[in-house]
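**Student:** First the structure, which I've put down as structure tokens, then a few questions once you've had a look.
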Amino acid sequence: MTTGERTTTGERATRTYAALLRGINVGGNKKVPMAELRTLLEGLGYGGVATYLQSGNAVFATGHGDEESLAGEISGAIEKHFGFTVDVIVRDHAYLRSIRDNSPFPAAELEPKQLHVTYFSTPVDDTRFADIDQPAHLPEEFRLGDRALYLYAPDGLGRSKLAEQLAKPRFLKGVIATTRNWNTVVKLVELTAGD
């Protein structure tokens with residue numbers, strides 16, 4: 001868990017995070033305009049607020065809290081402002097960079113639509129997905145990382161039978177999961193890098 005950096009005086013230094021909102025602005029449900037989301041995050045006292053696309057990616061800087069408490073704070077503020085609940089995962093720059101850098105698939109050789117990362121709220125191990133017959137889905141493949149799942153889907157996510165299997169509630173019980181394509185994975189690293 002991220003605890004934040006400390007200055008020589010013992011005060012917390014500002015750290016940049018990405019907030020990944022699950023299931024907003026899809027099919028007309030849970031509409032969260034990005035301008036309103038930015039205002040809401042600024043109202044929480046966060047600095048350097050920016051959003052990326054309409055699919056629930058926000059970047060902000062703060063010197064208080066950790067990933068879990070910040071996710072709860074943002075989720076609570078969204079519910080209060082918009083009147084519905086949204087699952088939120090918060091991750092810092094170092095984590096996001098490690099996810100990009102440790103891809104088990106050759107990201108540089110693939111089209112962005114072929115590679116996706118599902119971020120999990122908690123660690124997940126192989127036993128969770130033991131019932132999935134991976135060889136039956138080839139050439140599609142998935143591999144687990146640090147609170148993440150990498151999915152190689154050569155024909156894209158929309159046509160992926162493996163993605164359909166992985167998204168079944170029985171495999172995701174008790175965990176928040178939200179997926180981003182490789183372009184977004186890379187962009188979140190850039191946006192949280194700071195100056």
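**Student:** Per the helix-only calculation at 222 nm, which mean residue ellipticity applies to the chain, given -39500 (n - 2.57) for every DSSP H run of n ≥ 4 and division by its residues, nearest 500 deg cm²/dmol?
**Tutor:** -8500 deg cm²/dmol
**Student:** Taking 21 Å as the cut-off for C-alpha to C-alpha distance, list the pairs among K31/K80; K30/K80; K113/K187; K30/K187 that go past it.
**Tutor:** Cα-Cα > 21 Å for K30/K187; rest within.
**Student:** I want to check the label-to-label distance for Q54 and E190. Put each point 7 Å from Cα in the C-beta direction and report it in nm to one decimal.
**Tutor:** Between Q54 and E190, the simple spin-label model gives 2.1 nm.
**Student:** Measure off, as a whole percent, the carbon and sulfur share of the 1.4 Å-probe accessible area of the chain, all protein chains present.
**Tutor:** Details: 4790 of 10040 Å².
Here it works out to 48 percent.
**Student:** Over the Cα atoms of the chain, each weighted equally, I'd like the Debye log10 I(q)/I(0) at q = 0.11, 0.15 Å⁻¹, rounded to two decimals.
**Tutor:** Normalising to I(0) and taking log10 leaves -0.51, -0.93.
**Student:** Compactness ratio of the range 141-195: Cα Rg over 2.2 N^0.38 Å, N = residue count?
**Tutor:** The reported ratio for this selection is 1.29.
**Student:** Follow-up question, since we're still on this one. For a quick check: with amide H placed at 1.01 Å from N, whose amide H comes under 5 Å from D87's, ignoring anything fewer than 5 positions away on the same chain?
**Tutor:** Amide H to amide H, under 5 Å and 5 or more residues apart or across chains, D87 pairs with R22.
**Student:** Still on this structure, I have one more. Working from Cα positions, state the angle (0 to 90°, nearest 10) between the long axis of helix 34-43 and the longest principal axis of the chain.
**Tutor:** Approximately 40 degrees, to the nearest ten.
**Student:** Quick one: if you stick a label point 7 Å off each Cα along the C-beta vector at N25 and A108, how many nm between them?
**Tutor:** My value for the distance between the label points is 3.2 nm.
**Student:** How much accessible area per residue does the range 44-95 have, counting only protein heavy atoms and a probe of 1.4 Å, in square angstrom?
**Tutor:** Accessible area per residue, the range 44-95: 39 Å².
**Student:** Of G27, T192, N57, which is farthest along the charge dipole of the chain in the positive direction, counting Lys and Arg as +1 and Asp and Glu as -1 at C-beta?
**Tutor:** In the chain, that residue is G27.
**Student:** Each residue of the range 15-22 in order: what ³J(HN,Hα) in whole Hz does its phi give by Karplus 6.51 cos²θ - 1.76 cosθ + 1.60, θ = phi - 60°, with x for Gly and Pro?
**Tutor:** 10, 9, 10, 10, 9, 10, 8, 9
**Student:** How large is the dipole of the range 135-191 about the Cα centre if only Lys and Arg carry +1 and Asp and Glu carry -1, each at its Cβ, rounded to the nearest 20 debye? Could you put the intermediate results ahead of the total?
**Tutor:** Details: 9 positive and 6 negative charges, 53 e Å.
So the dipole magnitude of the range 135-191 works out to roughly 260 debye.
The values are calculated or read from the model by the stated rules, or taken from the named source; none is laboratory data. No experiment lies behind these values; they were computed from the predicted model shown. Positions of Cβ are generated from backbone atoms using ideal geometry, with glycine treated the same way; all protein chains shown enter the neighbour counts. When the accessible area is computed, the model is the full protein with side chains, heavy atoms only, and any ligands, DNA or RNA have been set aside. Shrake-Rupley method; radii C 1.70, N 1.55, O 1.52, S 1.80 Å.
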